[in-house]
Amino acid sequence: MSKRALSILTLSILQAVCAFAGVRHFTYLYEAPTSPPGSIESENWMTWAHVDNPEHSDELAFRHEIEIGITERFQASVYFVDWSYHNDPTSSGFKYSDSGLELIYNLSNPVADPVGLSIYQEYKGGDRLFEWESKVIAQKNYGRWIFAYNATLEAVWQGEGLSGREGEFSQALGASYEIDPQLSVGLEFLQEFVFPNWRDTEEVRNVFVGPNVSYRRNQWFVTVTALAQATDTEDEPNFQLRTIFGVGF
Amino acid sequence: MKKLLLACLIFAGCETANYAPQITRSPERGVDLTKLNRGRDLFVHRCIECHTLPAMWKYSREDWPQIVNDMSHRASLRPADREAVIAYILAVRKEL
């Protein structure tokens, strides 16, 4: 069989067995429902972060992810590569950050049950970096409204010999209103508590807030969130813009 | 505060249940209750992957099968799943 015929056959089989995994109504929050079993979707993230304090710098970060529905309540995602381009007064360039694995298990449904709940676990490893992240995801749907809440605990080991340590607790709240089945608009709020060396001596607190919009068609969606920093923390972005583009095979 | 939280949770359960009411008895002979409950289960899990649940009265009994058919691939619904979802929607729609 020629390579071309094999490719066509593979694509035909994929088309027959795969479907869209699901739309994201938020970009800084996860939602409780998991992907249907057998669904496969590619998600591509782009986050632009602009820092003004203490000096100007910009970073464009990218993530390329495949999301797979395993069972009715369990999904897995592989982050093939997280990479970025940064530009500041002293340097600029591309950098590979990490690759990772994300697992989500759904416990209850945001429509049929009083609250939809899911638990989330993520592992990332890269150039002198290991990261472990756990999350509780809560969601409630009221008619055309979707409300979501995430509580996240993160531990990072980085640097030479992975000797640098940092912890973070963050919580995020989002509301999204469906204008029509293809278009939603909403708000996202993100609060971070950063613990350098797993201590709270520096009392680093960051708050970000901003609007989002999500548009979907047959086999794809795009969701964009713009967040501004409501605190005045040095080295943290004054402005962030995240876009997630998803396409089902 | 606890009472307020409890009231909110009860309200949440009642309000959203209207978009996917549970069926406790088969609305007509020959319609399997297990199939209807399976249809509801799929309806509340698969459809909200992309959008919120529409009110059942929003579309006619004649329109619903086509709507579900059009979205069945996106929602990973096999033919039997699709039939269960349609049967559930039509059973609820009949009661409205």
- Under 19 Å from the 7 Å Cα→Cβ point of A:S42, by amide nitrogen: which residues of region A:218-237? A:218-223
- Surrounding net charge for B:V44, when Lys and Arg each add one and Asp and Glu each subtract one, Cβ distance under 12 Å: -1
- Message: Give me the extension gain from A:I66 to A:Y85: residue separation times 0.36 nm, minus the current Cα-Cα distance, reported in nm with one decimal.
- Response: 4.7 nm
- Task: Quick one: angle between helix A:3-17 and the longest Cα principal axis of chain A, in degrees between 0 and 90, rounded to 10, please.
- Result: 90 degrees
- Query: Among B:Q22, A:P114, A:V78, which residue has its Cα positioned farthest towards the positive end of the charge dipole of the protein assembly as shown, with +1 placed on the Cβ of Lys and Arg, -1 on the Cβ of Asp and Glu, and the dipole taken about the Cα centre?
  - Reply: B:Q22
- Item | A:T233 paired with B:R61, simple spin-label distance in nm, labels 7 Å along Cα-to-beta-carbon | 5.8 nm
- Task: Specify the inter-centroid distance of region A:229-249 and region A:132-166, based on alpha-carbon positions, in whole Å.
- Result: 15 Å
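Longer than 31 Å from Cα to Cα, which of A:K140/B:K35; A:K95/A:K135; A:K124/B:K35 are they? Say none if no pair is. Please list the in-between numbers first.
Numbers: A:K140/B:K35 26 Å; A:K95/A:K135 27 Å; A:K124/B:K35 42 Å.
Listed pairs above 31 Å: A:K124/B:K35.
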- Message: Net charge within 10 Å of A:V156 by Cβ-Cβ distance, Lys/Arg positive one each and Asp/Glu negative one each, not counting A:V156 itself?
- Response: -3
- Query: So how do A:223-229, A:167-173 stack up, highest first, on mean other-Cβ count within 10 Å?
  - Reply: A:223-229, A:167-173
- Note on the structure: Relative contact order as a percentage, chain A, C-alpha pairs under 8 Å and 6+ apart, gives 19 percent
- Under a plain spin-label model, where a point goes 7 Å from the Cα along Cα-to-Cβ, how far apart in nm are A:E202 and A:V247? 4.0 nm
- Any idea which of A:S184, A:Y123, A:L173 is furthest toward the positive side of the dipole for region A:101-249, if Lys and Arg beta-carbons carry +1 and Asp and Glu beta-carbons -1? A:S184
- Message: Name the residue from B:G39, A:A230, A:G100 whose Cα lies farthest towards the positive end of the charge dipole of the protein assembly as shown, charges +1 on Cβ of Lys and Arg and -1 on Cβ of Asp and Glu.
- Response: B:G39
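What order, most packed first, do the peptides A:197-207, A:95-105 have when packing is the mean number of other Cβ atoms within 10 Å of each residue?
Details: A:197-207: 12.3, A:95-105: 16.7.
Going from most to least packed, we get A:95-105, A:197-207.
If you take each beta carbon of peptide A:140-151 and count the beta carbons of other chains within 10 angstrom, what is the mean? List each step's numbers first, then the result.
Details: counts 6, 8, 6, 8, 5, 2, 3, 1, 0, 0, 0, 0.
The shielding value for this peptide is 3.
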- Message: How high is the relative contact order of region A:129-231? Use alpha-carbon pairs under 8 Å, at least six apart in sequence, and give a whole percent.
- Response: 19 percent
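For peptide B:38-45, what's the mean number of Cβ atoms from other chains within 10 Å of each residue's Cβ?
3
About its Cα centre, how strong a charge dipole does region A:63-132 have in debye, to the nearest 20, once Lys and Arg get +1 and Asp and Glu get -1 at the Cβ?
Values: 5 positive and 11 negative charges, 19 e Å.
Using only the charged Cβ atoms, the result is roughly 100 debye.
Take the Cβ-Cβ distance between B:V31 and A:W145 as r, set R0 to 51 Å, and report the resulting FRET efficiency rounded to the nearest 0.05.
0.95
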- Note on the structure: If amide H atoms are modeled at 1.01 Å from N in the peptide plane, then the residues at a separation of 5 or more from A:Y142, or on another chain, having amide H under 5 Å from its own are A:F147
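Which value, to two decimals, describes the C-alpha radius of gyration of chain A once divided by 2.2 N^0.38 Å?
Values: Rg = 19.1 Å, N = 249, 2.2 N^0.38 = 17.9 Å.
Working it through for chain A, the quotient is 1.06.
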- Note on the structure: Cα extents of region A:193-249 along the principal axes, largest first, in whole Å, come to 50, 22, 13
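Bear in mind that the values in this text are calculations on the coordinates, not laboratory data. Bear in mind that the values here come from a model prediction, so they are computed numbers and not experimental data. Using ideal geometry, Cβ is built from the backbone for each residue, glycine included, and neighbour counts are taken over all protein chains shown.
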